[in-house]
Amino acid sequence: VQLQASGGGLVQAGGTLRLSCVASGSIFSFRNAGFGWYRQAPGKQRELVAFSSNSISYGDSVKGRCTISRDNAKNMVYLQLDRLKPEDTAAYYCQLVYMLRTYWGQGTQVTVSS
C-alpha cells in the first residue's frame, strides 16, 4: 500500500489548509480501512490531527477548526484546517490502517506564517 499526500506549503495565519492523500496498492475494500492525518513539528512527538474509521476523531489542538472527509470510490482522504495558527506548522502525514497493518505517507510540510 502506498500513500501520496499533497497540498502542503506556505500558508498565512488565519487562512485555510487543504490536504489530500490517495492510497494505492492491495486494498480489497478501502471503505473498511481507517484513514487519517497526523502531524509532527520539529522537536515534538507526532500527534493526531484527524482520523476516520467507523467514527471520526480529532486532535485536541484542532477541534472546532478541522474537517476530515473521504472519497472511498477514489481511495482518497481530505483534510481541511481553518483559522490556521503558527503552531500548526508541521510535517503532515496521512495514515491508513487496514487488516491490522498501519501504513504512512511520506509527509507534506506545512508552514504557517504569522
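Among Gly25, Gly107, Gly34, which is the only one that is more than 19 Å from Gly8 (Cα to Cα) and either open to solvent by less than 20 Å² (accessible area, probe 1.4 Å) or in contact (Cβ under 8 Å) with a residue 60 or more places away in the chain (or both)? Even if it seems obvious, please write down each step before you answer.
Values: Gly25 fails: either open to solvent by less than 20 Å² (accessible area, probe 1.4 Å) or in contact (Cβ under 8 Å) with a residue 60 or more places away in the chain (or both); Gly107 fails: more than 19 Å from Gly8 (Cα to Cα).
Just a single option satisfies the conditions, and that option is Gly34.
Residues that are assigned to a loop (DSSP other than H, G, I, E, B) and either in contact (Cβ under 8 Å) with a residue 12 or more places away in the chain or at positive phi (or both) within segment 45-63 comprise Arg46, Ser53, Gly59, Ser61, Val62, listed in sequence order.
Can you spot a residue in segment 78-91 that is farther than 18 Å from Val112 by Cβ, part of a strand (DSSP E or B) and open to solvent by less than 20 Å² (accessible area, probe 1.4 Å)?
No, the conditions are met nowhere in segment 78-91.
The values are calculated or read from the model by the stated rules, or taken from the named source; none is laboratory data. Please read these numbers as outputs of a predicted model, since none were measured by experiment. Positions of Cβ are backbone-derived with ideal geometry, glycine not excepted, and every protein chain shown enters the neighbour counts. Surface areas here come from the heavy atoms of the whole protein model, side chains and all, with no ligands, DNA or RNA. Shrake-Rupley method; radii C 1.70, N 1.55, O 1.52, S 1.80 Å.
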